[in-house]
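Below is one structure, written out as structure tokens; comments come after it.
The values are calculated or read from the model by the stated rules, or taken from the named source; none is laboratory data. Keep in mind the model is a prediction, meaning the values are calculated, not measured. Note that we place each Cβ from the backbone using ideal geometry, even for glycine, and neighbour counts take in every protein chain shown. Remember, those area values only see protein heavy atoms, side chains included, never the ligands or the DNA or RNA. Shrake-Rupley method; radii C 1.70, N 1.55, O 1.52, S 1.80 Å.
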Amino acid sequence: MSNRPDRHIVDAIDRLVDEQLADGEPCGGYDYGDPGFPMCPNPWCGEEWHGLPITARMAEMRWHGALDPGYRYHADDSVVLCPGSAFEGEFRAPVPRTRRTRRGPRPQWWCCFHAHDLAIEVEGEVPSPARVAVNGEDIELAPDGDGISAYVRYETAESGGAARARWIVLRAVRPPRTGVWVNWRPYHPE
């Protein structure tokens, strides 16, 4: 401990940081599905708060669910769809976009890559089952625009036994309470 009179300020900051990080940080550095995360305030945008302008090329990559390895933001000369959440001034959006009106958590894709030990019940045909339960918990599925709400990969059954799920992906507002689930955006099926 230092004898400096202002050391107590640094110690207080250290305690605050330790308290804030006690539960750990989200894997991607962003808490996906956080209902408290603010939306972009611009009427032409429907995205979460963003500091950088969103371009047509960025929106296209997001739609496809994959980043182009050759993409460079500084070289992106496509149309700007939103100049940023903190933008002040005149801006004319190039195309009308539908603003998201849903409040609270939005449906997302959730993936459990190690589903071996989970009891997975699926009623109906994948990728559009009527019901999915994980360890007895009914999951509120939220089908995407194509009606798809689940993908499951099964292991081959050993000597006549029942096949077990190897991994499972669900589109839901919240992930199941059991298992390790990460936010995941599948490639759109061709």
Any chance you could count how many residues in the range 141-159 are modelled with pLDDT under 90, within 20 Å of the chain's Cα centre (by Cα) and not small (Gly, Ala, Ser)? 6
Identify, please: which residue in the range 24-51 is over 19 Å from the mean Cα position of the chain (by Cα) and open to solvent by 40 Å² or more (accessible area, probe 1.4 Å) and is, among those, modelled with the highest pLDDT? PRO41
Quick check on my filter: what residues within the range 120-133 are assigned to a strand (DSSP E or B) and either over 20 Å from ARG106 (Cβ atoms) or in contact (Cβ under 8 Å) with a residue 60 or more places away in the chain (or both)? ILE120, GLU121, VAL122, GLU123, ARG131, ALA133
